[in-house]
Amino acid sequence: ACAAVLLAAGIVGNAAEPVIWKGEVPDALTSASGRKIATVQEWETIRKPELLELFSREVYGRSPRAPGKAEFRLLERSEDALDGKAIRIQGDVTIPGVNLPHPWRMLIYLPKNAKKPVPVFWGMNFKGNQALSEDPGVLIPEWYQPVRPRGAAKSRYPLEQILDAGYGIATMRYYEIEPDRDGEWKNSLRGVFAPEGRLKPDDWGAIAAWAWGLSRGMDVLEKMPEVGPVAVWGHSRLGKTALWAGANDPRFAAVISNDSGCGGASITRRILPGGKSETLKVINERFPHWFAKNFLKYIDREEKLPVDQHELIALCAPRPVFIASAAEDLWADPEGEFLAAKLASPVYALWNLPGIPAEQEMPKVHEPVGGRVGYYIRSGGHDVTPRDWQAYCDFLSQNGIR
Ligand code: GCU
């Protein structure tokens, strides 16, 4: 059945350029020892721990256990933010026993006048909390250097639309946890856990560090009485991060990954010809700090990988997981992302939960498919748009998170 799926998906756009396959995609429901996984119990006790171990050791690297739950020091609260639409909460996150160079500044908007705890999107941002909107009340910590203008990322954050749909949003700049440059790890979170200044081949990369940060944010959000279920969300490199966070931390009620591509939602063994999609070689050359050193073993040897990314998506089961692509974002291989979502779906079937049916073909743009595993492709390029947020809100709502 697997080979048939691969053949069917083998041609993209131009029939003259067949997709390159680096070996057969492993079956999420067959354990390393060849055992068929047929029940939730077998998944939970055999296959899920095995996959978590493989992804930790070979792909993202092992993360340390947090010595304690993160704490939140409230700095500011307004009942009347964003033209009276939102409650705004800002504060600093610290972790007892972890001596960071500076705390992590967190910003939360909740819809005003909610009658019950509200579902919240929690994800990191690229340009700083002040870039989400022109809200003059957003605090800019002195360690944010260089500071991007207020509203610099506002096209990606349609706050009114999100709040009107009944959702809150929580965010933090990802540089808080580790600046996104090779070598920076020594001066941030990962450095605290490796004071001797060395990383082992299976030690965590930056993606795992950012994901660990998302879990510490969850420590804070789970204690806030106004906050209901938390959907962990991210775009691109932070979409990879959201998936790894969701796989590891069952407190996330749902997982949403946008344009996450290579090392995120797309199948690593599937490569678009002519360098159109990102490969393991390219990603590790350009971003040597993102993954565990062990991951380098698979450069040009993808067929040797003990896992593929559909199994990362499956690690979110049985929680809702949404994979979003953009039609022009071939670098992230939208069809590879769709295929991964589809190949994760048999794991959801163990709970009798609907995923993406095996016979489902690559959908057209703006036609979301699936159930508990959802897939959506938008027109346009690598970005986050109001249309994407509409799709996330619809997906969560359809899965009872509203
Ligand atoms: C680069 C990188 C991708 C990543 C993207 C992003 O394009 O190659 O893997 O997802 O940046 O984070 O925007």
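The values are calculated or read from the model by the stated rules, or taken from the named source; none is laboratory data. What you see is a predicted model; the values in this text were computed from it and never measured. Virtual Cβ from ideal backbone geometry, glycine too; neighbours counted across all protein chains shown. What goes into the accessible areas is simple: the full protein's heavy atoms, side chains included, and nothing from ligands, DNA or RNA. Shrake-Rupley method; radii C 1.70, N 1.55, O 1.52, S 1.80 Å.
Considering each residue of segment 281-288 in turn, none proves to be touching a Gly at 6+ places or on another chain (Cβ under 8 Å), of a type outside the set (Gly, Ala, Ser) and touching a residue at least 24 places away in the same chain (Cβ under 8 Å).
Of everything listed in (1) in contact (Cβ under 8 Å) with a residue 60 or more places away in the chain; (2) open to solvent by 20 Å² or more (accessible area, probe 1.4 Å), the single unmet condition for Glu79 is (1).
Yes or no, residue by residue, for (1) within 19 Å of Gln309 (Cα to Cα); (2) under 16 Å from the mean Cα position of the chain (by Cα); (3) among the β-branched types (Val, Ile, Thr):
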position: Pro357; (1), (2), (3): yes, no, no
position: Pro363; (1), (2), (3): no, no, no
position: Tyr376; (1), (2), (3): yes, yes, no
position: Gly380; (1), (2), (3): no, no, no
position: Val384; (1), (2), (3): no, yes, yes
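Just give me the residues in segment 240-250 being more than 15 Å from the ligand (Cβ to nearest atom) and either open to solvent by less than 10 Å² (accessible area, probe 1.4 Å) or more than 17 Å from Pro320 (Cβ to Cβ) (or both), in sequence order. Quick ask: steps written out before the conclusion?
Applying the first criterion (more than 15 Å from the ligand (Cβ to nearest atom)) to segment 240-250 yields 245-250.
Across segment 240-250, the qualifying residues are Ala245, Gly246, Ala247.
Which members of segment 183-229 meet the condition of being under 15 Å from Ile108 (Cβ atoms) and β-branched (Val, Ile, Thr)? Matches in segment 183-229: Val220, Val227. When the criteria are applied in full, Ala28 fails the requirement of being open to solvent by less than 40 Å² (accessible area, probe 1.4 Å), among the hydrophobic types (A, V, I, L, M, F, W, C) and touching a Phe, Trp or Tyr at 6+ places or on another chain (Cβ under 8 Å).
Does Gly213 fit the bill of being buried (at least 22 other Cβ atoms within 10 Å of the Cβ) and of a type outside the set (A, V, I, L, M)? Answer is yes for this residue. Screening Val347 on (1) of a type in the set (A, V, I, L, M, F, W, C); (2) more than 29 Å from Leu132 (Cβ to Cβ); (3) open to solvent by 10 Å² or more (accessible area, probe 1.4 Å) shows it passes everything except condition (3).
Sort out for me the helices (runs of 4 or more DSSP H) sitting completely within segment 251-367 that have 3 or more residues that are more than 16 Å from the ligand (Cβ to nearest atom).
Numbers: elements: 280-286, 309-314, 334-349.
It comes to 309-314, 334-349.
Of all residues in segment 368-402, those being within 16 Å of Ile169 (Cβ to Cβ), outside any helix (DSSP H, G or I) and hydroxyl-bearing (Ser, Thr, Tyr) number 1. Per this entry, Arg237 is not counted among residues that are within 9 Å of the ligand (Cβ to nearest atom), open to solvent by 10 Å² or more (accessible area, probe 1.4 Å) and without any contact (Cβ under 8 Å) to a residue 12 or more places away in the chain.
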